[in-house]
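A quick write-up on the structure given underneath.
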């Protein structure tokens with residue numbers, strides 16, 4: 001497995017070593033010791049989540065505040081998505097900056113998003129199965145979000161407006177300058 005830190009400190013792209021032959025493929029998608037060694041931290045994931053979404057679905061931008069903030073290791077099992085991580089750590093030199101990365105069943109790339117980040121994704125394929133590990137349990141009272149089309153963040157979702165599938169809840173999220181971190 002290779003790992004590259006993004007321009008956002010603590011946010012890493014992980015590319016597995018994939019073994020392919022006439023039967024198909026095999027790769028180790030997660031190994032606690034290898035993962036912690038590669039990112040230089042001791043992260044203990046305690047919950048796995050999975051979602052199925054149709055083309056154009058946009059989920060995000062979401063985060064958890066305070067003691068319930070979450071680090072995530074995200075990947076796509078089927079299909080492809082555009083994944084976005086936004087640094088919302090007020091004391092960070094990259095506060096308000098984001099990274100954008102295509103994750104797919106073909107590239108098998110994963111993204112590690114540390115605590116203190118907002119996260120979202122948009123489905124590029126007909127459907128996508130998205131999986132992620134969390135190092136903390138979800139707490140409804142600690143959830144926060146930022147509207148996907150915030151003018152200050154200026155995220156290119158590679159979005160055709162006619163394809164947009166987004167929840168009412170996500171459409172009501174505040175802009176970046178009004179979000180509570």
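Would you confirm whether or not region 144-151 contains a residue that is within 23 Å of residue 80 (Cα to Cα), outside any strand (DSSP E or B) and out of contact with any helix residue (DSSP H, G or I) (no Cβ under 8 Å at 6 or more places or on another chain)? Yes, region 144-151 contains a residue that is within 23 Å of residue 80 (Cα to Cα), outside any strand (DSSP E or B) and out of contact with any helix residue (DSSP H, G or I) (no Cβ under 8 Å at 6 or more places or on another chain). If you go through region 142-181 and keep only what is exposed (fewer than 11 other Cβ atoms within 10 Å of the Cβ), within 27 Å of residue 48 (Cα to Cα) and at pLDDT below 95, you end up with just 180.
If the condition is being touching a strand residue (DSSP E or B) at 6+ places or on another chain (Cβ under 7 Å) and part of a loop (DSSP other than H, G, I, E, B), then region 2-23 contributes 6, 7, 8, 11, 18. The single condition from (1) assigned to a loop (DSSP other than H, G, I, E, B); (2) touching a residue at least 60 places away in the same chain (Cβ under 8 Å) that residue 154 fails is (2).
One residue is enough: does region 87-97 have a residue meeting the conditions farther than 25 Å from residue 41 by Cβ and part of a loop (DSSP other than H, G, I, E, B)? No.
For residues that are surrounded by 15 or more Cβ atoms within 10 Å (Cβ to Cβ) and over 21 Å from residue 87 (Cα atoms), scanning just region 1-28, find the one that is nearest to the chain's Cα centre (by Cα). Top of the filtered list is 16. Collect the residues in region 39-55 that are surrounded by fewer than 17 Cβ atoms within 10 Å (Cβ to Cβ) and either touching a strand residue (DSSP E or B) at 6+ places or on another chain (Cβ under 6 Å) or on the phi > 0 side of the Ramachandran plot (or both), keeping them in residue-number order. Selection gives 40, 47, 48, 49, 50, 51, 52, 54, 55.
The values are calculated or read from the model by the stated rules, or taken from the named source; none is laboratory data. Remember, predicted model here, so these are calculated numbers, not experimental data. No Cβ is skipped: glycine too gets one built from the backbone with ideal geometry, and neighbour counts run over all protein chains shown.
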